[in-house]
Amino acid sequence: MALVATALVVTPQAQAAQAAPSAGTWLVSQFEGGDHLLQGPGLVDAGLTADGVYALAAAGVGRSTAVKAAAWLAQPEQLNFLIGEGDESYVGGLVKLALVAQTLGTDPDAFAGVDLLERLAPLQEESGRYRDATGPGFDQTNAFTQALAIIVLKRAALPSGKAVAYQVSTQCPDGGFPIAFEQAPCKSDVDGTAMVLQALLAVGEKTASPQALTWLASQQKPDGGFPSATAGPNANSTGLAVGALLAGGLVPAADKAVEYLKSLQVGCAGPEARRGAVAYDSAGFEPYPAIRATTQAMLGLARVSLADVTASSAVPGVPAIDCTPAPPVTTTTVPVPAPGGPAEPPVDPPLAVTGPDQAVPLSLFGSFAVLAGAVLLLVSRPRKGGA
């Protein structure tokens, strides 16, 4: 008789589900005072802290840290820096804090006593573009802020048609979207296109989105990563692209991108203090770039879009990273009768035991619960209103 070997197959989705919580474990350890993130030694970054809230929610862990971060963002110093004070108002800060509130299941109309969406409304021009209310030449709005505005309006069940129409009007001839508005020539950008697609697909836009998806997919490198405008494949751009690819139904491309992100994650072969972190690129771990890279990669590792991210199922803490070698994968043999021979009763194989994730060169051993949970992710700005 013939013998057939059987073993448990681990799907890419299950493998990624282990990587995202472990990244959350490292990220939580990077919150200064337990409530905010830094972009460099002593450099407080309110926008990155907001991104950390989305990242932890996507990974389904660290809810208590996310709540503390939201409370820190609501303090006057951070609040005024992000949204402006007096006659100044900043689109980026308003929409990022609105998404923080929505992610945590609270109302953006009562964030630290401010109705964020009411304050956002007068910043929309007749064209549909949102623009900062600030001094001449200091406007910081771009594809990221416009797309985030569409997302928070959608999540709040408010009209977004004018904002969507303006965003669609910025599409480049090759199908992608630029980051900067109203500049010639129009230059498509991976980060901008990925962010815009998450917004357009969330509202069901079907005219510009197909061509944009085709352009975005064409930018994926053989290793699965996506490049930025100024660098090769990296965790930041790739983490953002995953949400757009999944929303557009390009699952194989998204799977390949997630594998790339996992290849950048520090595993049990690395120093204990770095385990779970995601490096910016293949050059390896550097402390502060890794904070932003891990934050942005977590949305991709969790396979979550900013349009859907929620902390509703997130647990308060984070899992321990267990580097105890797991048992090997168990295989069993099931007898198969030879042709024409007597039938034999079926044999129930024992339950297989999963081993370490072999797809990641520096794999994290141990099993983490799959918890439902996305860049965003605007680069922090050195002046007021930076998001």
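Quick note: the coordinates plus some simple rules give every number you see, no bench work behind them. All figures in this text were calculated on a predicted structure; none of them were measured in a lab. Cβ: placed from backbone, ideal geometry, glycine included. Neighbour counts: every protein chain shown.
For TYR166, the shell of other residues with beta-carbons less than 9 Å away shows a net charge of +1, using +1 for Lys and Arg and -1 for Asp and Glu. Across region 14-332, the fraction of Cα-Cα pairs farther apart than 33 Å, rounded to a whole number, is 22%.
Rank the residues MET298, MET195 as a footprinting-exposure proxy: fewest other Cβ atoms within 10 Å of their Cβ go first. Display every interim value, and only then the final one.
Values: MET298 34, MET195 31.
Lowest count first: MET195, MET298.
Which whole number in µm²/s is D for region 215-307 by Stokes-Einstein, with the Kirkwood Rh taken over Cα pairs at 10 °C and 1.306 mPa s? The diffusion coefficient I find is 123 µm²/s.
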